[in-house]
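S.K.: Sharing a structure here in C-alpha cells format.
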Amino acid sequence: MDIVLYDALCPLCRRLAEFAERRAGGDLQFKSFQEHMNNPDARVAAIEVICVDGSQLRGVEAWGFLLERYPDLAALNWLAQRLHLRTVAALAA
C-alpha cells in the first residue's frame with residue numbers, strides 16, 4: 001500500500017489529508033511526517049509518497065502520482081490547478 005506523508009503541524013495539510021483519506025477509501029495509508037520520523041517537531045516542506053515498491057516521490061511528482069493513480073482524488077484537481085501543479089488532464093497530455 002502506498003503511504004502519503006503529510007505535515008501534521010500544518011492545519012491545511014491535515015485537512016487535505018483527512019479529505020483525501022476519505023476519498024481514497026482505504027487504498028492509501030496516510031501518516032503524519034512527525035509520526036513517521038518519530039519526532040513531534042519535525043517539519044516537511046512538501047507532500048511525500050512512499051510507493052509500494054519502496055520508491056519515494058516528493059512535491060509535484062507525489063501530487064501527480066496521487067492524482068493519476070487514485071482517480072477518487074480527482075476532486076483535488078481544482079487545488080492542483082490553483083497551485084500550478086500537474087493535474088490529471090496535464091498528465092494525460
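Please treat every number below as a calculation from the coordinates, not as lab data. Because the structure is predicted, anything quoted here is derived from the model rather than measured. Don't worry about glycine lacking a Cβ; one is built from the backbone with ideal geometry, like all the others, and counts go over all protein chains shown.
S.K.: What distance in nm lies between label points placed 7 Å from Cα along the C-beta direction at Cys51 and His36?
M.R.: In this crude label model, Cys51 to His36 measures out at 1.5 nm.
S.K.: Go ahead and run the numbers for FRET between Arg23 and Met1, Cβ-Cβ distance against an R0 of 25 Å, rounding to 0.05.
M.R.: The formula returns an efficiency of 0.95 here.
S.K.: Helix 60-69 versus the longest principal axis of the chain: what is the Cα-based angle in degrees, 0 to 90, to the nearest 10?
M.R.: Around 60 degrees separate the two axes.
S.K.: Once Rg/Rh (Cα atoms, Kirkwood Rh) is worked out from the coordinates, which option in [x] 1.14; [y] 1.09; [z] 0.94 does it equal?
M.R.: Identified label for the calculated read-out: [z].
S.K.: Under unit Cβ charges (Lys, Arg +1; Asp, Glu -1), what dipole magnitude, rounded to 20 debye, does the chain have relative to its Cα centre?
M.R.: 320
S.K.: First select every other residue whose beta carbon is under 15 angstrom from the beta carbon of Arg22; then total the charges, Lys and Arg +1, Asp and Glu -1.
M.R.: For residues surrounding Arg22, the net value is -1.
S.K.: In the chain, what percentage of the DSSP-assigned beta bridges are antiparallel, given to the nearest 5?
M.R.: Of the beta bridges lying entirely in the chain, close to 60 percent run antiparallel.
S.K.: Please determine, in degrees from 0 to 90 and to the nearest 10, the orientation of helix 11-24 with respect to the longest principal axis defined by the Cα atoms of the chain, where the helix direction is its Cα long axis.
M.R.: Result, in degrees: 60.
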